[in-house]
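Inspection log for the structure reproduced underneath, given as structure tokens.
The values are calculated or read from the model by the stated rules, or taken from the named source; none is laboratory data. Keep in mind it's a predicted model, so treat the numbers as computed, not measured. Positions of Cβ are backbone-derived with ideal geometry, glycine not excepted, and every protein chain shown enters the neighbour counts.
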Amino acid sequence: MSRLISEYRDRIVPQLQESLGRSNVHSLPRLEKIVVSMGVGKAVEDRKRLDQAMEHLTQLSGQKAEICRARKSVSGFRLREGYPIGCRVTLRGRRMYDFFDRLITLALPRVRDFRGVNPKGFDGRGNYNCGITEQAVFPEVDPESVSYLQGMNITIVTSAQTDDEGRLLLTAFGMPFRKS
């Protein structure tokens with residue numbers, strides 16, 4: 001069993017019950033899925049960039065990345081409908097908890113000049129979005145194999161109804177929010 005799964009059951013659930021005043025365990029917020037995506041706009045000119053981004057995303061998530069294709073044609077960007085322009089991975093269950101554990105304990109502290117993640121990244125329904133500027137902060141990615149630095153967006157979907165519940169859940173997991 002993953003470390004965060006047992007920590008959620010043993011420590012976080014009683015803490016959330018006390019702070020939210022609910023006795024029903026199923027009404028408490030929990031993690032549902034994590035979506036990690038990389039938009040590779042330069043993939044239109046250079047297919048190797050997308051292949052490398054997919055390889056790195058597969059390494060750091062433990063699951064094969066999916067290609068995202070353009071929905072519309074945009075002549076200003078030399079983009080046609082159906083062109084591959086990014087990749088993404090949707091993590092659930094144990095892989096989600098393992099990735100979230102590595103994100104909090106290993107990757108985020110390795111970001112240069114890290115002072116915490118933005119506490120305003122919530123969407124109004126308890127889900128959280130944050131961006132990382134380079135994929136090399138994850139220990140699974142070999143820094144020598146990185147020829148193009150690529151940013152990524154991480155979306156953490158929770159079952160929380162409000163931003164405050166989502167913030168309470170992620171803080172209990174140890175998400176390092178920036179102090180205001």
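Below is a table of values for the structure above.
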quantity	calculated
Residue count, the range 140-172 (criterion: surrounded by fewer than 18 Cβ atoms within 10 Å (Cβ to Cβ), among the hydrophobic types (A, V, I, L, M, F, W, C) and in a helix (DSSP H, G or I))	1
Flag for residue 100 being within 12 Å of the chain's Cα centre (by Cα), among the aromatic types (Phe, Trp, Tyr) and closer than 27 Å to residue 67 by Cα	yes
Answer residue from the range 58-84, given it is free of Cβ contacts under 8 Å to residues at least 60 places away in the same chain and aliphatic (A, V, I, L, M) and is surrounded by the fewest Cβ atoms within 10 Å (Cβ to Cβ) among those	74
Pairs, first more than 18 Å from residue 171 (Cβ to Cβ) and charged (D, E, K, R) in the range 85-111, second assigned to a helix (DSSP H, G or I) and at pLDDT below 90, C-beta under 6 Å, six or more apart	110/137
Any hit, the range 9-30, residues being within 24 Å of residue 136 (Cα to Cα) and within 24 Å of the chain's Cα centre (by Cα)	no
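Yes/no matrix, rows are residues, columns are (1) within 14 Å of the chain's Cα centre (by Cα); (2) closer than 30 Å to residue 14 by Cα:
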position	(1), (2)
105	yes, yes
140	no, no
171	no, yes
178	no, yes
